[in-house]
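Working notes for the structure below.
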Amino acid sequence: MLYTLPELLAVLIVTCGIALQTVVGIGYGLLAAPLLYLINPAYVPGPVLLVGFGLALMMVIREPNALRWRRVMPAIIARIPGAWCGAALLVALPQYALSLFFGFSVLTAVLLSLWRFNISATPVNLIIGGFFSGVGGTATSVGGPPIALVYQQQDRITARSEIAAFLLIGTPISLLMLIYKGSLDWHSAQLSLKIVPGLFLGFFLARKIDGKLSTTSAKPMLLAVSGASALIVSIKGLLGWLAL
């Protein structure tokens, strides 16, 4: 399989995003989706979600004892209506409007978490996080921040394992909604195959750096990644609106 320079760059971006999410719990979609969109808009959301499902599967297989399925189940159930809304938004709204909506929503959640509230992994918060993760994940392939904010008080190992379990079940729900709305086709599958090497490279890279990080808290890394990526998505949406 021959690669062009933009395709090689896409693999590099996926590798970095996969490594980040394997270590922290989120980061793949946050990092990869905005950058891949600049290379080729067709990468988002289908191919990013398909590779993300592969990552979630690998992470759950690696750490099956670090998660509690019963706790994460409310978020999984709430992802179903969220994914339906996200697919509807993808069809109904222009891309710049979706970027502004989701970017500003995540930035608001990050700021509230920093300044006012310590969000805990209660069933109600998991339902809210699961719903908005479904909306953002299906519409923009960036669904990590809402559920990550709920897990910010958990240790890093627990957070990344239970977020992976949520994505393992939730990502196929989003893919099915995209198929139903006609937003996922054979071309998306072909693009996914092109960036699959980044999945394995990133997973291998993460194993090399994982032991060098503290496992005491996921909050600083989760909030930093969520805030920075939401800012990128918001700027992209604003530039699209100004270009009209």
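The values are calculated or read from the model by the stated rules, or taken from the named source; none is laboratory data. Since the model is a prediction, treat every value here as computed from it, not as a measurement. Cβ sites come from the backbone with ideal geometry, for glycine too, and all protein chains shown count toward neighbours. Side chains included, ligands, DNA and RNA excluded: accessible areas come from the protein's heavy atoms. Shrake-Rupley method; radii C 1.70, N 1.55, O 1.52, S 1.80 Å.
Taking all protein chains together, Tyr28, Tyr96 sort by accessible area into Tyr96, Tyr28, largest first [probe 1.4 Å]. Candidates Asn125, Gly137, Phe101 compared by Cα position along the dipole of the chain: farthest toward the positive end lies Asn125, with charges placed on Cβ. Straight Cα distances below 16 angstrom link Lys194 to the aspartates and glutamates Glu7, Asp185, with same-chain residues fewer than 8 positions distant left out. Surface calculation, 1.4 Å probe, protein heavy atoms: Lys181 sits at approximately 70 Å² accessible. Size of the chain from its Cα atoms: along the principal axes, largest to smallest, the extents are 41, 36, 30 Å. Rolling a 1.4 angstrom probe over the protein heavy atoms with all chains in place gives the chain an accessible area of 45 Å² per residue.
Tell me, what % of the accessible area of the chain is carbon and sulfur with a 1.4 angstrom probe?
Working: 8100 of 11070 Å².
Heavy-atom surface of the chain belonging to carbon and sulfur, 1.4 Å probe: 73 percent.
The distance separating the Cα centre of the range 36-72 from that of the range 75-150 comes to 16 Å. The heavy atoms of Trp69 offer some 100 square angstrom of accessible surface to a 1.4 angstrom probe. Across the chain, the mean sequence separation of Cα contacts (distance under 8 Å, 6 or more residues apart), normalised by length, yields a relative contact order of 36 percent.
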